[in-house]
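Written out below as structure tokens is the structure these notes cover.
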Amino acid sequence: MTQVLTTDRLILRPFRGDDAPDLVRLLNNFDVSQWLTRVSSPYSLMEAHWYIGALSNPWRFAITSRETGAFMGCVEVGAEFGYWLGQPFWRQGYMSEAANAVVDHWMGQYGDTLVSSYFIGNSGSQSILTSLGFEPREITYKFSKARDKEVQSRILTLTPMRYHAHKAH
């Protein structure tokens, strides 16, 4: 099932093979990859093609600019709700916009609890999840492939009840 979501400034669409060079360029920045669990540093074109082609998930979206078509990052619902954005696009509200669109669509379609996490120290991700209504749960450790070590992380959840209460405010 191919899904495309649009917001004021973004188009969230399935990944395409021609996204691979941009995926590599944006993820080969340690300021981005250090906050992700499954992304190696450096990140290869082979890994990008595998990610695009081998992993099938109708809830994984390439974040692109509605105005220019530029590839900017990714947002997905899998085992966890996760996302990343290339550094040139930070601090412009794009990730909040993309994450809101996917959470709204998920809750509208399924109404199931979402689980997410962030590495301690990632204040940007903490802020996005909090603004979406996610509630902090336990602290644990997750392996960061880019850092090649276990890193302390915070687990959060967003229940349908919490989502609707948060939207009402």
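Just to be sure, is I120 among the β-branched types (V, I, T), open to solvent by 20 Å² or more (accessible area, probe 1.4 Å) and free of Cβ contacts under 8 Å to residues at least 40 places away in the same chain? Before the answer, list the steps.
Numbers: among the β-branched types (V, I, T): yes; open to solvent by 20 Å² or more (accessible area, probe 1.4 Å): yes; free of Cβ contacts under 8 Å to residues at least 40 places away in the same chain: yes.
So I120 fits the description; yes.
Can you report the number of residues in the stretch 56-98 which are in contact (Cβ under 8 Å) with a residue 60 or more places away in the chain, closer than 17 Å to L114 by Cβ and either outside any helix (DSSP H, G or I) or out of contact with any Leu (no Cβ under 7 Å at 6 or more places or on another chain) (or both)?
Qualifying residue count, the stretch 56-98: 2.
Residue pairs, Cβ under 6 Å, 6 or more apart or interchain, first in the stretch 2-16 and in contact (Cβ under 8 Å) with a residue 12 or more places away in the chain, second assigned to a strand (DSSP E or B) and among the acidic types (D, E). List them.
So the pair list comes out empty.
Of the residues in the stretch 1-23, how many are within 23 Å of G124 (Cβ to Cβ) and loosely packed, with under 12 Cβ neighbours inside 10 Å?
1
Give just the number: which of (1) touching a helix residue (DSSP H, G or I) at 6+ places or on another chain (Cβ under 7 Å); (2) open to solvent by 50 Å² or more (accessible area, probe 1.4 Å); (3) modelled with pLDDT of 95 or more does P88 not satisfy?
(1)
Does S116 count as closer than 20 Å to S33 by Cβ and of a type in the set (S, T, N, Q)?
It is true that S116 is closer than 20 Å to S33 by Cβ and of a type in the set (S, T, N, Q).
Out of all the residues in the stretch 137-155, is one or more of a type in the set (A, V, I, L, M, F, W, C), over 21 Å from F61 (Cα atoms) and open to solvent by 60 Å² or more (accessible area, probe 1.4 Å)? Spell out how you get there, then give the answer.
The first filter runs over the stretch 137-155 and keeps only residues of a type in the set (A, V, I, L, M, F, W, C), leaving 139, 143, 146, 151, 155.
Narrowing further to those that are over 21 Å from F61 (Cα atoms): 139, 143, 146, 151, 155.
Next, from what is left, pick out any that are open to solvent by 60 Å² or more (accessible area, probe 1.4 Å): 139, 143.
The answer is yes; a qualifying residue exists.
Does S44 satisfy the condition of being in contact (Cβ under 8 Å) with a residue 24 or more places away in the chain and either open to solvent by less than 20 Å² (accessible area, probe 1.4 Å) or farther than 19 Å from V4 by Cβ (or both)?
Details: in contact (Cβ under 8 Å) with a residue 24 or more places away in the chain: no; either open to solvent by less than 20 Å² (accessible area, probe 1.4 Å) or farther than 19 Å from V4 by Cβ (or both): yes.
Criteria not met by S44.
Give the residues of the stretch 24-55 that are over 18 Å from N122 (Cα atoms), outside any loop (DSSP other than H, G, I, E, B) and modelled with pLDDT under 95, sorted by residue number.
Of everything in the stretch 24-55, those that are over 18 Å from N122 (Cα atoms), outside any loop (DSSP other than H, G, I, E, B) and modelled with pLDDT under 95 turn out to be L45, M46, E47, A48, H49, W50, Y51, I52, G53, A54.
Within the stretch 83-109, track down each residue that is basic (K, R) and on the phi < 0 side of the Ramachandran plot.
Once the filter is applied, which keeps residues that are basic (K, R) and on the phi < 0 side of the Ramachandran plot, the stretch 83-109 yields nothing.
The values are calculated or read from the model by the stated rules, or taken from the named source; none is laboratory data. Given the structure is predicted, the values throughout are model-derived calculations rather than measurements. FYI the Cβ positions are ideal-geometry reconstructions off the backbone, even for glycines, and counts take in every protein chain you see. Note: areas computed on protein heavy atoms with side chains; ligands, DNA, RNA excluded. Shrake-Rupley method; radii C 1.70, N 1.55, O 1.52, S 1.80 Å.
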